[in-house]
1. With respect to Asn407, is the statement that it is of a type outside the set (A, V, I, L, M, F, W, C) and either touching an Asp or Glu at 6+ places or on another chain (Cβ under 6 Å) or modelled with pLDDT of 80 or more (or both) true?
2. Looking for whichever is part of a loop (DSSP other than H, G, I, E, B), β-branched (Val, Ile, Thr) and surrounded by 18 or more Cβ atoms within 10 Å (Cβ to Cβ) here; the options are Val240, Val266. Which one fits?
3. Take the residues in segment 270-304 that are at pLDDT 70 or above and part of a loop (DSSP other than H, G, I, E, B), then tell me which one is farthest from Thr253 (Cα to Cα).
4. Given the criterion at pLDDT below 95, among the polar types (S, T, N, Q) and in contact with a Phe, Trp or Tyr (Cβ under 6 Å, 6 or more places away or on another chain), identify the matching residue among Thr126, Thr44, Thr60, Thr99.
5. Mind listing whichever residues of segment 79-117 are closer than 15 Å to Glu248 by Cβ and in contact (Cβ under 8 Å) with a residue 40 or more places away in the chain?
6. Going by the structure shown, is Gln258 among the polar types (S, T, N, Q), at pLDDT below 95 and surrounded by 11 or more Cβ atoms within 10 Å (Cβ to Cβ)?
7. Given the conditions (1) surrounded by 15 or more Cβ atoms within 10 Å (Cβ to Cβ); (2) farther than 18 Å from Ala29 by Cβ, and given that Tyr113 satisfies all but one, which numbered condition is not satisfied?
8. Checking Ala215 against (1) assigned to a helix (DSSP H, G or I); (2) under 30 Å from Arg410 (Cα atoms); (3) hydrophobic (A, V, I, L, M, F, W, C), which single condition isn't satisfied?
Amino acid sequence: MNINIIRFALFWFLSASLLAEEPTLQPIAFAYLSNGAPVSSVSTVVTGFCGALRKHLDATKGYNFKKSEPLSSVADRFTPFAKNLQGKPGIQCGPDTKTRERAYTLNDPDGAYTGEFSIPFARTSTKLLINRAAIDNAQSLSVADLRIGLLVPPPSDRGERQANGQCKLAVGVEPNTVVTTSLIGQVFHNATIFECPDRDAASTALSAAVIDAYAGDEIILYNMYQAMDNRENYVIYPPVYLDGFSQEEYVVTFYNLQGSPLIQLVNDWITSPQGKSEAAKLQPQLNMLEKVMRLLIRRDNAQLVVGVLITALIGCTGYLAVLRTGWRFSTRKPDDEDSITTESDPTEGQVSNDNCDNVQMNKSVQPLSDEQFDIAVRRTDGLTEGETTKALKDKHKLEYKPHRVNNQMRIVREIYDVRGDEMEKLRDYLIRDYADKYAEYIKTKTA
């Protein structure tokens, strides 16, 4: 009995000693950009790619992560976040681009903090979310009429200029750490620049026609575009199947974790099937035509593209030669119809221009509204968007509807299936379908 008591006491003493010597895991901060969807955002918990990463880390034993810390502004990232850690370990996740300048500032010269990037988990490029009516201005060498919103988080001394979270006319774009802002200022140096404190302010400014376009990462812009109520009036420029004005890579940033196996753990997850699946969700979803276009323009597919074009050229040349020599393609009739003969039409296989016109005339087209006709007839007569707006401002109140002329012209061109440079053809269709209205317009014009 005494022996058992002694054994129990010894066991209890040794267990207590071991538990007392077990090291306490140092808590690790996990910060993310709260308005960085689809990479990172917040509902009740962090969501997006960073939310998936956080779930994976929480399921990993051997680490103690603090509650996720939302960063409300892009200005709170990198150096400000590292300084706030005060030497303690932390992870920053979001739509954070790896740049040479940021690599230089990863480590504090005085040793207050050290930093390291993960391997890239997504690639994106700088583009514009732009009103369709302003596309011509973006493609022009003279872009003075283009109003571009840029993400410029307001320091305390500029708070008045961006009061109430609105985009305000910039008084010279000052240097800042936002990659897109610095780049667009160089590409469209003649454009009128507006400073936007965040993406919500940019979306509001776009809808209210305060700005024509908002510059940002394609991944972010596509997410904004998907959330727009009137997105049929907007487009991402350059198109999603083309590269933008830059090529950038998103990374996770580690502070004060030098030599920690946690860095490799995150890198392994990024390259895992789950990590790749989460990263794939960030990219714009392409339709079949966009996928084909992206495939064709890839540099490593150059030989394939040349081969396809040569084959298509040979096929078209052969087909035209067959038609020119008068050959006919026909299928064999069933045996019970072999004895049936008919006189051949000497004009068989020939399509006249008159027939083409009849096809177009008989085509069921959507009737134009009075506003659409008035706009279309003046644009085909050579008036610019501004001149048309001025001419119809009293009749249709166009001066209160920014870009209304170009948006309505886009609808008219779709109805008649004509391109922007086929104004003469469109005018012929208007004369054909609206003879009375056209005659009245000519009479008013010459009066």
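1. yes
2. Selected residue: Val240, the only one of Val240, Val266 that is part of a loop (DSSP other than H, G, I, E, B), β-branched (Val, Ile, Thr) and surrounded by 18 or more Cβ atoms within 10 Å (Cβ to Cβ).
3. Filtering segment 270-304 for residues that are at pLDDT 70 or above and part of a loop (DSSP other than H, G, I, E, B), the one farthest from Thr253 (Cα to Cα) comes out as Asn287.
4. Exactly one residue qualifies, and that residue is Thr126.
5. Gly94, Pro95, Asp96, Thr97, Lys98, Thr99, Glu101, Arg102, Phe117
6. On the way: among the polar types (S, T, N, Q): yes; at pLDDT below 95: yes; surrounded by 11 or more Cβ atoms within 10 Å (Cβ to Cβ): yes.
So Gln258 passes the test.
7. Condition (2) is where Tyr113 drops out.
8. (1)
The values are calculated or read from the model by the stated rules, or taken from the named source; none is laboratory data. In this text, all values refer to a predicted model and were calculated from it rather than measured experimentally. Cβ sites come from the backbone with ideal geometry, for glycine too, and all protein chains shown count toward neighbours.
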